[in-house]
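> This is the structure, below, for whatever I ask next.
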Amino acid sequence: MGLRRVFTLPAAVATALALTAVPASAAGPTPVPASAAGPTPVPASAAGPTPVPAAAAGSTTGFDFVDIPGDGVTLKANVIAPSTAGPHPAVLLPASWGLNDLEYLAQARTLASAGYVVVSYTPRGWWSSGGEIDTAGPRDMADLSKVIDWTIANTGADPSRIGVAGISYGAGISLLGAAFDSRIRVVAMMSGWTDLVYSLYSDSTRHKQSAGLLEIAAGLLGDVGPDLGGKLADFKANRNVPEVMAWARVRSAATYLNALNTNKPAILIANAWGDSFFPPNQLVDFYQRLTTPKRLELRPGDHAIAELGGIFGFENEVWSSVRTWFDTHLATKGTDPTASRATSAGLSAPTVAASHTTSAGVSAPTRAASASAQLPVLIKPDNAPAESYPDWPSLSTTQRRFDLGKIRTLDGTGLLGGGPSPAWTKSLPTDKDTTAAGGVVLLTNGVAAFTNQRPQIWLPTVDRFRAGVWASSRPASPLRLRGIPKVHLDLAGTHAPGSAVVYLYDLDALGTAKLITHAPVTWLEPRSSVDVALSAAAYDIPAGHSLTLVVDTVDPLYYDANAPGETVTIGAGSYLDVPVRS
C-alpha cells in the first residue's frame, strides 16, 4: 500500500495542470463534412472534427469526491454537473489501468460545462477502491451497473441518456458494459481492445513487453489478487494456454457482439495504428461486424498517445471527436441512437437542426448536423492528410501482390515483386536478432507520433546471415498503402514450433528504411506455410522509394517459440499482398 501512495503527488500535480490548462468555456467541435465520392481529405492540422468555441459555457457544481457502492466493494469517484436543474445527459468515465478517478478532471469539467453530469470512478482493485483487480470481468461489469444506479439516484441524470467513455482499461470496461447494461446508449472507446486473446496472443505469439508493463503497473498501484496474478504467471510461463484464453474471451467485447448489436448503443472507436498493447486489426474486424451506429478513427502513435493531451486539458482532436459523438447521440433529449444507423451504412440521414439549447440552458452550436454528414471511417495516415471513407473496405481500391524472389549473392537481397521465382530457399537462425525491430512498447511509436517521423534503420546494418531482405523496384509514382498487408511464407522443411517476425519498410535511395508496419507469427505444429496479417497501416511510399520486406526470428517485443540453434527456412512461393489506393 505504501508504494501506491507514492504516486499520489504526481497524480495531484498532473490534475492541477489539467485544471489550469483547460478554459471553462471550452466546447465541442464542428466536424469537417465529407463527400461520399472517395476519400475526403481533412486539413493536416485536424485529424478529426474541427473544434469551435461555444457561444457560452454553462456553470457547474464543481467537483464532489464521493464513495459509490459497487458490487460488494466501495468505489472512489468524483462528480461534476451543470448547476441548473436536470434532467441532464450523463457520462461515466472509468479510469485507465494504473490510474484513478482524477484522470479525467479536465475533460469532465468541459463536458459538465456543456450540460452533462459526469461521474469518474476508479475501478475495483486500483488505488483506494475496494476489492481485487477484475480485468474488465464480471465484477467490473456489475460495478459499472451499480455506478449507473448511483448516478441516476443521486444526480440530475436522465436515465434514458447514459453514456460511457474511457481510455485503455476504461475503454474496455465501457464497451463491454454496453453489452451487459442496455441503459448505456453511447460509448466512446479510446485505445481499447475488442479481443483480449488477440491482444495477448496475436498469430499465436505472446506479447512480452506490453503484458510485462501491465503487470508492473498492477503490482505497484493495484491489488492483483490470485485470479489476475495466476493468469499473468501462466502467460509468462506459456502454460495453461487454453485456460488463459478462456479467461481473456470473457473479457472481450467480440464475445458479446450479438448483445451489443441487440442493445444498439452508438459506438465510437478511436485508436492508433501503432498501438503496442491493442493492435488495430482486432478493431477493424469488430467494427465491420457491428450493426449499431458506429464510427472508427485511426491515427499515428502508440497506446493512449493520441488522446494524451486532452487529459491535461489541451485541445485534442480525439477528445473533440468524443464530445461530438456525445453531442450527436446523447445531448439532445429524445435522441435515438438508432436513427444514425442509415448514415453508418452510407445512406441518407434525417436533417438535424442547426442549433439547440443544452440541458444546462446554454445556447451552443450543434455538432450533430455536420456529424451526421461526416463519413464514419476517419483515418490519419502517417505521412499524408487525414481521409474519410464510408466503410473500411473503401480504403483500398486494389491489392498488389509482390512475390519474394531468390536472394542475390552480391548484396544478400532478393527482389520484392517481379513474379514468382524458380525454387529457392533462405535459412534464418532462430536465436539471432537483427537491427530490424518493432521498437520499445509505448516509446517508439509514441515518439513517432510527436515527431511525425517513423522509426528508422539503415538497411545495410541488417545482417543478411540472420535475416531475409527483399526490396522492390523504385516506381516513378507514390504507392498509397491503405489497410492490412498480408504475408504468405513458404516454410521449406521448417521445424515446429517456431516463430518469425515480418517487417515492412519504406527504403530511400541512401539506405534509410522507415518502418511502416510489422507483425510476429508463431506456428505450433509442422506446417508447409504460414500466413500473417501485418498491423493495419496507412502510409504513402514516395516515388523513387522501394517497398522493402525483412524477415527475422527475434524481436524483444515478443516471446518466440524457437528452439535455440535451429533455423527457419523460407522458400519460393512466398509473397506479400498490399492493399493500395489508386
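The values are calculated or read from the model by the stated rules, or taken from the named source; none is laboratory data. These numbers come from a predicted model, not from an experiment. Note that each Cβ is placed from the backbone with ideal geometry, even for glycine, and that neighbours are counted across all protein chains shown. We work out accessible area using only protein heavy atoms, side chains counted, and drop any ligands, DNA or RNA first. Shrake-Rupley method; radii C 1.70, N 1.55, O 1.52, S 1.80 Å.
> Could you please let me know if Tyr575 is in contact with a helix residue (DSSP H, G or I) (Cβ under 8 Å, 6 or more places away or on another chain) and among the aromatic types (Phe, Trp, Tyr)?
Numbers: in contact with a helix residue (DSSP H, G or I) (Cβ under 8 Å, 6 or more places away or on another chain): no; among the aromatic types (Phe, Trp, Tyr): yes.
It is false that Tyr575 is in contact with a helix residue (DSSP H, G or I) (Cβ under 8 Å, 6 or more places away or on another chain) and among the aromatic types (Phe, Trp, Tyr).
> Kindly indicate which of Leu228, Leu220 is open to solvent by 30 Å² or more (accessible area, probe 1.4 Å) and either of a type in the set (A, V, I, L, M, F, W, C) or assigned to a loop (DSSP other than H, G, I, E, B) (or both).
On the way: Leu228 fails: open to solvent by 30 Å² or more (accessible area, probe 1.4 Å).
Result of the check over Leu228, Leu220: Leu220.
> Take the conditions under 23 Å from Val440 (Cα atoms) and not aliphatic (A, V, I, L, M) and apply them to Asp181. Does it pass?
Here the answer is no, as Asp181 does not meet what is asked.
> Which one of these does Gly483 not meet: (1) in contact with a Gly (Cβ under 8 Å, 6 or more places away or on another chain); (2) surrounded by 15 or more Cβ atoms within 10 Å (Cβ to Cβ)?
Failed condition: (1).
> What strands (runs of 3 or more DSSP E) lie completely within region 480-582 and have 3 or more residues being hydroxyl-bearing (Ser, Thr, Tyr) and closer than 23 Å to Leu459 by Cβ? So that I can check it myself, show each step before the final result.
On the way: elements: 486-491, 498-507, 512-523, 529-533, 537-541, 546-552, 567-580.
In region 480-582, the matching strands (runs of 3 or more DSSP E) lie at 498-507, 567-580.
> Here is a further query. Consider only pairs whose beta carbons are under 7 Å apart and that are at least six residues apart or on different chains; among these, list those whose first residue lies in region 435-451 and is more than 16 Å from Asp382 (Cα to Cα) and whose second residue is β-branched (Val, Ile, Thr) and modelled with pLDDT of 95 or more.
So the pair list comes out as Thr435/Ile457; Thr435/Thr461; Thr435/Val462; Ala436/Ile457; Ala436/Val462; Ala436/Val550.
> So, Phe235, is that one assigned to a helix (DSSP H, G or I), surrounded by 22 or more Cβ atoms within 10 Å (Cβ to Cβ) and on the phi < 0 side of the Ramachandran plot or not?
yes
> Next question, about the same structure. Taking helices (runs of 4 or more DSSP H) that fall entirely within region 252-332, which contain at least 1 residues that are among the aromatic types (Phe, Trp, Tyr), modelled with pLDDT of 95 or more and buried (at least 22 other Cβ atoms within 10 Å of the Cβ)?
281-289, 317-326
> From the list Asp181, Asp149, Asp195, Asp134, which residue is surrounded by fewer than 24 Cβ atoms within 10 Å (Cβ to Cβ) and free of Cβ contacts under 8 Å to residues at least 24 places away in the same chain?
Asp149
> Name the one entry in Ser499, Ser535, Ser529 that is surrounded by fewer than 22 Cβ atoms within 10 Å (Cβ to Cβ) and in contact with an Asp or Glu (Cβ under 8 Å, 6 or more places away or on another chain).
Ser529
> Looking only at region 105-135, how many residues end up being within 24 Å of Arg161 (Cβ to Cβ) and touching a helix residue (DSSP H, G or I) at 6+ places or on another chain (Cβ under 9 Å)?
15
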